[in-house]
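Reviewing the structure listed below.
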Amino acid sequence: MDFHLGFLVLCSVLVLASGNSRNLPIVSFEEGYSHLFGDDNLMVLRDGKSVHLSLDERTGSGFVSQDVYLHGFFSASIKLPGDYTAGVVVAFYMSNGDMYEKNHDELDFEFLGNIRGKDWRIQTNVYGNGSTSTGREERYGLWFDPSEDFHHYSILWTENQIIFYVDNVPIREIKRTEAMGGDFPSKPMTLYATIWDGSDWATNGGRYRVNYKYAPYIAEFSNFVLHGCAANPIEPSSKCDHASNSDSIPTGITSEQRTKMESFRTKHMQYSYCYDKNRYKIPPPECVIDPQEAKQLRGFDPVTFGGVRRHHGKRHHRSRSSTAI
């Protein structure tokens, strides 16, 4: 992919406004991505549009976008491993940790495995300007079993807004505010997908670990959408400023979408950093405390369900090793 193609795919205004990725250009793996780590634990299927990432005792695996992006809509259909998956972490995320080691930005979907009979959970993270200590993590259950079939997971990132979608339903919205200051992700990022061993923290604070008796753990990816402005990492503002400020990338959520988002959060949210009194005596300044949400989350132990992993923007570097990660 080049600048022209990256810029060209910004044009589907109505489709993007609905958070619907079905009618956006789908790229093959070779068009949009490259092998990151894991040797033959990454397998591209014959159609060229589907990839299997596996985790075994030797290593996990991952891939990375060929381009760096400043804003856009990014999506993939993902099917997670089934059965016993405690300690397993599958991630679909954006980061610029390679370019900005001390002040990196990051937007994450992290899928956290579980013991047999317990459901997968999703964690979303928003780190801007190296603000991993603040975190801004949230964690949710799902209304389906993500190991039974493919489901769509999408990130919309604009100059003033970030929205995470599951099956085109917005589950989290972050608006750029004065209170966040420079913590709102604003530098070009690369897209990654990885599977790795998060035994130390991922399932009940590390109580349940990966059991390689059930390996290999295979995460399946397809329907790749890279609908963003490809940026020059050396001169990131040269081509993308105009695109990111144009009407090509929408802002706002429709009233119907907002109703669905509120319903999802009421039924499925298990943790939000804004209500974690163990971490913050005073909530971070951008938090708006909702008494109903506070009551809903009171039943979840913030140590167990809020034992979030920090400083994980370089996990793909650690995972390059040929030993178990």
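The values are calculated or read from the model by the stated rules, or taken from the named source; none is laboratory data. In this text, all values refer to a predicted model and were calculated from it rather than measured experimentally. Glycine gets a Cβ as well: all are built from the backbone with ideal geometry, and neighbour counts include every protein chain shown. The area values use the complete protein model at the heavy-atom level, side chains included, leaving out ligands, DNA and RNA. Shrake-Rupley method; radii C 1.70, N 1.55, O 1.52, S 1.80 Å.
Values as computed for the structure displayed
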item	result
Tail beyond 25 Å, pair distance distribution of the range 62-218 (Cα, percent)	30 percent
Burial order of peptide ranges 134-145, 38-49 (average beta-carbon count within 10 Å, highest first)	134-145, 38-49
Overall form of the range 182-234 per C-alpha gyration tensor (a/c, 1.5; a/b vs b/c)	oblate
Neighbour cut-off at most 12 other Cβ (10 Å), DSSP loop, GluC sites (Glu not before Pro), the range 158-210	GLU178
Potential lengthening between GLU262 and ASP145 on full extension [0.36 nm per residue; Cα-Cα distance subtracted]	40.1 nm
Fraction of accessible area attributable to carbon and sulfur, the range 91-139 (%, probe 1.4 Å)	40 percent
Peptides ranked, highest mean first, by Cβ atoms within 10 Å: ranges 260-271, 188-199	188-199, 260-271
Cα-based convex hull volume of the range 101-160 per residue, rounded to whole Å³	121 Å³
